[in-house]
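Step one of this worksheet: look at the structure below.
The values are calculated or read from the model by the stated rules, or taken from the named source; none is laboratory data. Just so it is clear, the model here is predicted, and its values are computed rather than measured. For neighbour counting, all protein chains shown are included, and Cβ atoms are generated from backbone atoms with ideal geometry for every residue, glycine included.
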Amino acid sequence: MVRRFAIVSATLAAMAMLGCTPEKKPVADAPVAAPAEKVTTAELEAVKKAIKPYKLALVVKTRNNPFFDPMIKAAESQAKALGATLEVQAPPQESDKELQFSIVENLTAKGVDAILIAPADSKGIVPALKRAADKGITVINLDNRVDAGAAASAGLALAGYVGADNEEGGRLAGQAMLGYLGGYGKVAILEGIRGADNAEARKRGFESAVSGSLEIVARDTAEWDTQKAYAKFQSMLAAHPEVKGLFCANDKMALGAMKAIEETGRRGEIVVVGYDNIPEIRPYLSAGDLKATIEQHPDLMGRYGVLMAVGVLDGVIPRGREFLVPLEIITK
Amino acid sequence: MSHDARYPSACSRTRWADSFARLVRPWLGLALVCAGFSLHPKFLQTFWTQDYLPNILQQAGTNIVVAVGMTFVIMTGGIDLSVGSVMALCGVALGLATTATPPPFIAYAAAVPPAFIFAAATVALLRRFVAAMAVQARAGIAAAVGLALVVVIGMAITRACSAGAGLAMGLGVALSLGVCCGLFNGLVVTRGSVPPFVATLGMLTAARGLTVYATDGNSVSGLPEALGHVGQGAPLIAVALVCTAIGALVLTRTRMGRYITAIGGNEEAARLSGVNIALYKTIAYSISGLTAAIAAIVLTAKFRLADTGAGANAELSAIAAVVIGGASLSGGQASVAGSLVGALTIAVLNAGLVLVGIPDTLQGVIIGAVIIVTVLIDQLQRRSRG
C-alpha cells in the first residue's frame, strides 16, 4: 500500500516535471469541500430574539455599489428586531481588498460577537477571518464565497454561509437567452472582473446552459463598469455584427452595452440579458431593451445572514450550515 | 537635458524644428498604432468606416475633456489625481440637484466658487479705491464677504433644489462643485505647500467618500430626457472638441496660459519676474476641476445615470493621454492638442484590441507597453537634441 503510494507519487512528480500535470481544474472551479448541509427558511425564521444583545459587524465589499444597500438596510432592521446591534464597515472601493482585511483585523481586536462578511477577495481574506474565528468570533460568510480550498488549508471553519448560487443564476440567464433566440445563434458575453468567484460562476452557468446550441463568438471583461461595457461592446458589435444575443454578468454593464446598441441603430435586434435587477434597469426592462435579469435578493442575504448569526450565537442553529436565497428571473 | 529642450537655443531653425517635432510626434504615434492594427483584416474592414470612426471620438470623449484640465495642471509641474472621484461627485450632484434634494454640503460647496470670485473682486476694488487700508483689514473683509456669500448662495441653492431644481440648476451646481474641488486642491497646494500628489490624493479619497455618503452608494437615475442628448453623437463630440479648442487657446494665446507655462518651466524665474505663482497654480487646478465636472456631465448624460463608481481610474487615463501627447511631468511642456491625440491613441488602442480579438488578459499589458514606449521615444529624442 505504502509502496504503491510511493510509486504513484513518483509518477505524479515525474509528470509534473515533464509539464504534463494531471488535468487540474482552474482554481475558481474548486468545489466547496463537502456540500454543506442546508438550513431551512423555517429554522432561520424561528430565531426570534437574541439571548444577549450581541454585537454584530457586517463587512461588505464597498458601499459604493447599489447591490449592498438593500443588504445593509435589511441586516440593520433585522438586527434591531432581534435586539442585537449591528455595525457596518466597508472600504470605499470594491478593489480595496487590503483595507477590508484591516477592517476585519480591527473588528477582531475590538471584539465583536459575530462578523458577517462579503469578501472582496475570496482567498486573501482567509487569514484575517481565521484570526477572528480563533478569538471565538462567529464568522458568517455572505454573498461572495470564501475560497473553500484556502479556508481548509488555513484551518478556518466558517460558522455559516448565506448567499445566492451564482452558477445557477448564470444558468437561468442562459436558459432565458436560449428561449429568446429560439435555440440557435451567435452570442457575446461581457464578464465581470476576472478571477472573482461570482463573475466566474455566472459565466460558467451561462456557458453550460447554452453550450451545444448557441455559439459564443466574443467574450471580454468590462470589469462590472458601465462606461467600459459601452466602449467594449461598441467594438465587439463592429467586429461581430452577426451577434444576436448578449449576456452581461451585471446590470451596470448591460446599461453600457444597451447604449452602444442604441447608438449603432440596432435597438430591438439584440437580446440582452443582465444580472442583479438594479433599480436603474427597470425602464429598459419595460421597454424591452433588456429582456431579462436575475434578482438575487441581497436584502434576503442581509436578513437571513443576521438571523443565522444570532441563531448560531444562541445555539439554536448548528455551525457550518448554508442557506441559499431564492433566485428569480425578472422579465418585466 | 530636458532643460535644454525647454529653452531652445537662440537659433530659430532649431527652435522651429523642435516645436514642429513636438507637435507631430503624438500624431505619428497615433498613426503608427492605427497602421499597426490595420494589418489585421478585421480591423481594416470595420475600423475605417463612416459608421465606426465617430465611435472612437465618443469613447474618448470624457477622457479628452478631463485631459484638457490635466494638461494645465501638468504644465505647472503638478498632478491632479482627484479628477476621477471629482467626476463621480459632480455626477451625483447633478443627479441629486436635478431630481431630488442634494445634501447641504453639496449646496454649500457649490456656493464656494462664486463667493470666492466675488470676494476676490471686492478686494481688488478695495485695493483700487481705498488706498490706505491695511492688508489684514482687506483680508478680513474678503473673508467676511466670502463666508456670508457662501451661506447665502448655499441656502439659495438648497431652497431651489428642495424639490428637484431642474436641469439648469443641476448643471450649475455640478460645474461649480467641480471648480470648488479644484480650488481646494489649488489652495492646499499653494497656500499649504502640500505636494500636489498628496493634496490631490487626499481629494481623490475624500471626494469618493462624499459621493457615496451623498447617496448611500446608490446611483441616481431618472434624469431628464433633455440631458441625454448631450451624452451622445455630435453634441458629445462637439463638447470634447470645444473644450480642447478653448483649452489650447487659453494655454497658448493668453497671458494666463503663458504664466502657467512659465511656472512649469522655472518656478523661481517666474516668481522673480513678478508672476503670481499661487494665483495661477490655483487657476490651473480649478480648470482641472471644471473639466472634470464637464466630463461628469457628459458621462452622466450618456447613460442618464449618475453612478457613484463613475470615473474610477479616470485620472490615470487622463495622465496617460497627456503624457502620450508629449507632456513632461516635470512641467513647462505640454500641449492641449497633444493631449487630445493622446486620448485618441488610448481609445484606438482599447477599441483595436477588442476588434482584433486580443484576449482581455493581455490588453492591459499592451496598453501599458505603448505608454512606456511612447514616452521612452520622446526621452531619447530629447536627449539626442539636447
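Hey, could you check region A:214-233 for residues that are more than 8 Å from chain B (Cβ to nearest Cβ) and in a helix (DSSP H, G or I) and say which is farthest from the chain's Cα centre (by Cα)? So the residue we want is A:233.
For region B:330-366, the candidate set comprises residues that are of a type in the set (S, T, N, Q) and under 29 Å from residue B:287 (Cα atoms); within that set, the residue that is surrounded by the fewest Cβ atoms within 10 Å (Cβ to Cβ) is B:330. In this structure, does residue A:139 turn out to be of a type outside the set (D, E, K, R) and within 14 Å of another protein chain (Cβ to nearest Cβ)? No. Apart from one condition, residue A:183 fits all of (1) out of contact with any helix residue (DSSP H, G or I) (no Cβ under 7 Å at 6 or more places or on another chain); (2) more than 14 Å from chain B (Cβ to nearest Cβ); (3) part of a helix (DSSP H, G or I); the exception is (3). Filtering A:55, A:48 for residues that are touching a residue at least 40 places away in the same chain (Cβ under 8 Å), charged (D, E, K, R) and away from chain B (no Cβ under 14 Å) leaves a single hit, A:55. In summary, residue A:191 fulfils each of the numbered conditions (1) within 13 Å of chain B (Cβ to nearest Cβ); (2) modelled with pLDDT under 90 with the single exception of condition (2).
Do you know which residues across region A:297-332 are touching a helix residue (DSSP H, G or I) at 6+ places or on another chain (Cβ under 6 Å) and under 16 Å from residue A:66 (Cβ atoms)? A:298, A:299, A:301, A:302 - these are the residues of region A:297-332 that are touching a helix residue (DSSP H, G or I) at 6+ places or on another chain (Cβ under 6 Å) and under 16 Å from residue A:66 (Cβ atoms).
Just one residue in the set A:141, A:65 is within 17 Å of the chain's Cα centre (by Cα), assigned to a strand (DSSP E or B) and either surrounded by 17 or more Cβ atoms within 10 Å (Cβ to Cβ) or not aromatic (Phe, Trp, Tyr) (or both); that residue is A:141. Residues that are within 11 Å of chain A (Cβ to nearest Cβ) and among the aliphatic types (A, V, I, L, M) within region B:350-377 comprise B:351, B:353, B:354, B:355, B:356, B:358, listed in sequence order.
Listed by position, the helices (runs of 4 or more DSSP H) contained in region B:1-95 that have at least 2 residues being at pLDDT below 90 and closer than 28 Å to residue B:262 by Cβ are B:2-6, B:12-38. Answer yes if at least one residue in region A:37-57 is among the hydroxyl-bearing types (Ser, Thr, Tyr), outside any loop (DSSP other than H, G, I, E, B) and either modelled with pLDDT of 80 or more or within 26 Å of the chain's Cα centre (by Cα) (or both), and no otherwise. Among the residues of region A:37-57, at least one is among the hydroxyl-bearing types (Ser, Thr, Tyr), outside any loop (DSSP other than H, G, I, E, B) and either modelled with pLDDT of 80 or more or within 26 Å of the chain's Cα centre (by Cα) (or both), which makes the answer yes. If you go through region A:285-301 and keep only what is away from chain B (no Cβ under 14 Å) and out of contact with any Ser or Thr (no Cβ under 7 Å at 6 or more places or on another chain), you end up with A:288, A:293, A:294, A:295, A:296, A:297, A:300, A:301. Scanning region A:260-284 for residues that are within 27 Å of residue B:217 (Cα to Cα) and within 13 Å of chain B (Cβ to nearest Cβ) yields A:260, A:276, A:278, A:279, A:280, A:281, A:282, A:283, A:284. Does region B:292-314 contain at least one residue that is among the polar types (S, T, N, Q), part of a helix (DSSP H, G or I), buried (at least 18 other Cβ atoms within 10 Å of the Cβ) and away from chain A (no Cβ under 14 Å)? Within region B:292-314, none of the residues are among the polar types (S, T, N, Q), part of a helix (DSSP H, G or I), buried (at least 18 other Cβ atoms within 10 Å of the Cβ) and away from chain A (no Cβ under 14 Å). Residue A:99 falls short on exactly one of the conditions (1) of a type in the set (A, V, I, L, M, F, W, C); (2) part of a strand (DSSP E or B); (3) farther than 30 Å from residue A:213 by Cα; (4) more than 12 Å from the chain's Cα centre (by Cα), and that condition is (2). Scanning region A:254-296 for residues that are among the acidic types (Asp, Glu) and either out of contact with any helix residue (DSSP H, G or I) (no Cβ under 8 Å at 6 or more places or on another chain) or surrounded by fewer than 18 Cβ atoms within 10 Å (Cβ to Cβ) (or both) returns A:262, A:269, A:295. Scanning region B:327-372 for residues that are of a type in the set (Gly, Ala, Ser) and within 23 Å of residue B:77 (Cα to Cα) yields a total of 13. Of everything in region A:235-253 that is among the small types (Gly, Ala, Ser) and within 11 Å of another protein chain (Cβ to nearest Cβ), the residue that is surrounded by the most Cβ atoms within 10 Å (Cβ to Cβ) is A:235. Residue count for region A:234-271, restricted to those that are assigned to a loop (DSSP other than H, G, I, E, B) and either under 30 Å from residue A:165 (Cβ atoms) or touching a strand residue (DSSP E or B) at 6+ places or on another chain (Cβ under 7 Å) (or both): 7. Write out, first by first residue and then by second, each pair whose Cβ atoms fall under 7 Å of each other, whose residues are 6+ apart or on separate chains, and whose first residue, in region B:209-226, is at the interface with chain A (Cβ under 7 Å from one of its Cβ atoms) while the second is of a type outside the set (Phe, Trp, Tyr) and in a helix (DSSP H, G or I). What qualifies is B:216/A:69; B:217/A:69; B:218/A:69; B:219/A:280; B:221/A:279; B:221/A:280.
A quick yes/no check of all residues on (1) under 27 Å from residue B:118 (Cα atoms); (2) buried (at least 22 other Cβ atoms within 10 Å of the Cβ); (3) within 21 Å of the chain's Cα centre (by Cα):
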residue: B:192; (1), (2), (3): yes, no, no
residue: B:196; (1), (2), (3): yes, yes, yes
residue: B:211; (1), (2), (3): no, yes, yes
residue: B:219; (1), (2), (3): no, yes, no
residue: B:222; (1), (2), (3): no, no, no
residue: B:226; (1), (2), (3): no, no, no
residue: B:237; (1), (2), (3): no, no, yes
